[in-house]
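The values are calculated or read from the model by the stated rules, or taken from the named source; none is laboratory data. Predicted, not measured: the structure shown is a model, and the values here were computed from it. Backbone-built Cβ (ideal geometry, glycine too); neighbour counts: all protein chains shown.
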Amino acid sequence: MVHRRELDGTELIFGNQGALWGNAMTWWDHDTGSVWSQPLGEAIAGPRKGATLALLPSTLTTREAWRAEHPGTLALDAPGGRAGFDLGNMVIVVDFGDEAAAYPVTDLRTNGVTNDRVPGADIAVLVDPTDEERWAVFSRRLDDRTVTLETRAGEIVDLETGTVWDPVRGIGRRGPLSGEILDLLPGFTAFADDFSTFWPAGRLVVRDPDRAGVEPGS
């Protein structure tokens, strides 16, 4: 996950605190020494305890999948082995403060898009049907309408108009809403076993494959 490191107009500088909290890394900020939880983006000890950083859209994917969409990307060439993260063992977490939900990647790969409602937002969580290593969380609101997405014949299509949507950028490719853009929302990956540690009241959402346009949060 990626957090904005500006808080109340102050740009914070962080370092790795070196200890785990809830099986996840912690940071410390250089000016107050407060300790922060990586998954929550929240100070858990020190003068800033209780402060929270804004979450930004980000993704965990393979280098190959990223380069296919962003061929001009430069990366640090440093010694190291292949990362041990397997996206198939993870959930995609959406945290809206008042509610958090987790969507298993294996379920999305098998059953397609999950349309959901969380406090203040209608969202769609999906895995690219052409590349199971790419995923995204989009708002389903477009001005005065809400679309319901599904996977159909290897494409992302909305049920209301039949428009085909780009699964990575959220742009309408073909159909009545061609050129419209779905807002990309913050979401991040976590190990399924760790979800309840940080969000004990959160929902684990698994789509019913027999219901098109299912709304788990309705």
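Name every residue in region 88-108 that is surrounded by fewer than 20 Cβ atoms within 10 Å (Cβ to Cβ) and assigned to a helix (DSSP H, G or I), in order of residue number.
Answer for region 88-108, where residues must be surrounded by fewer than 20 Cβ atoms within 10 Å (Cβ to Cβ) and assigned to a helix (DSSP H, G or I): Gly88, Asn89, Thr106, Asp107.
Let's see how each residue does on (1) over 30 Å from Ala121 (Cα atoms); (2) within 19 Å of the chain's Cα centre (by Cα); (3) not hydroxyl-bearing (Ser, Thr, Tyr):
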{"residue": "Gly33", "(1), (2), (3)": "yes, no, yes"}
{"residue": "Glu42", "(1), (2), (3)": "no, yes, yes"}
{"residue": "Ala51", "(1), (2), (3)": "no, no, yes"}
{"residue": "Thr61", "(1), (2), (3)": "no, yes, no"}
{"residue": "Ala78", "(1), (2), (3)": "yes, no, yes"}
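Take the residues of region 87-98 that are over 14 Å from the mean Cα position of the chain (by Cα) and at pLDDT 85 or above: which is farthest from Gly41 (Cα to Cα)?
Gly88
For Val125, state whether it is at pLDDT 95 or above, within 23 Å of Pro104 (Cβ to Cβ) and not hydroxyl-bearing (Ser, Thr, Tyr).
Details: at pLDDT 95 or above: yes; within 23 Å of Pro104 (Cβ to Cβ): yes; not hydroxyl-bearing (Ser, Thr, Tyr): yes.
Against the criterion (at pLDDT 95 or above, within 23 Å of Pro104 (Cβ to Cβ) and not hydroxyl-bearing (Ser, Thr, Tyr)), Val125 qualifies.
Output the number of the condition that Asn111 fails; it satisfies all remaining conditions of (1) at pLDDT 95 or above; (2) surrounded by 17 or more Cβ atoms within 10 Å (Cβ to Cβ); (3) over 18 Å from Met1 (Cβ atoms).
The single condition Asn111 does not satisfy is (1).
Assuming Ser37 fulfils every condition listed in (1) within 19 Å of Gly187 (Cα to Cα); (2) in contact with an Asp or Glu (Cβ under 8 Å, 6 or more places away or on another chain) apart from one, which condition is it?
(2)
Mind checking which residues of region 169-190 are surrounded by 15 or more Cβ atoms within 10 Å (Cβ to Cβ) and either over 17 Å from Phe138 (Cβ atoms) or modelled with pLDDT under 90 (or both)?
Passing the criteria: only Ala190.
Considering only residues that are surrounded by fewer than 17 Cβ atoms within 10 Å (Cβ to Cβ) and among the aliphatic types (A, V, I, L, M), which ones fall in region 122-141?
Within region 122-141, no residue meets the criteria.
State yes or no: is Asn23 in a loop (DSSP other than H, G, I, E, B) and over 20 Å from Ala136 (Cβ atoms)? Quick ask: steps written out before the conclusion?
Details: in a loop (DSSP other than H, G, I, E, B): yes; over 20 Å from Ala136 (Cβ atoms): yes.
When the stated conditions are applied, Asn23 passes them.
If a residue must be surrounded by 10 or more Cβ atoms within 10 Å (Cβ to Cβ) and either in contact (Cβ under 8 Å) with a residue 40 or more places away in the chain or under 27 Å from Ala192 (Cα atoms) (or both), how many such residues does region 19-31 contain?
Counting residues in region 19-31 that are surrounded by 10 or more Cβ atoms within 10 Å (Cβ to Cβ) and either in contact (Cβ under 8 Å) with a residue 40 or more places away in the chain or under 27 Å from Ala192 (Cα atoms) (or both) gives 9.
Determine, yes or no, whether Pro71 is closer than 21 Å to Arg169 by Cα and either loosely packed, with under 14 Cβ neighbours inside 10 Å or at pLDDT below 90 (or both). Give the steps one after another, and end with the answer.
Values: closer than 21 Å to Arg169 by Cα: yes; either loosely packed, with under 14 Cβ neighbours inside 10 Å or at pLDDT below 90 (or both): yes.
Considered against the rule, which asks whether it is closer than 21 Å to Arg169 by Cα and either loosely packed, with under 14 Cβ neighbours inside 10 Å or at pLDDT below 90 (or both), Pro71 comes out as yes.
Mind checking which strands (runs of 3 or more DSSP E) fall wholly inside region 121-166 and carry at least 1 residues that are touching a residue at least 12 places away in the same chain (Cβ under 8 Å) and in contact with a Ser or Thr (Cβ under 8 Å, 6 or more places away or on another chain)? Talk me through it step by step, then tell me what you get.
On the way: elements: 121-127, 135-139, 149-152, 155-158.
Counting at least 1 such residues, we get 121-127, 135-139, 155-158.
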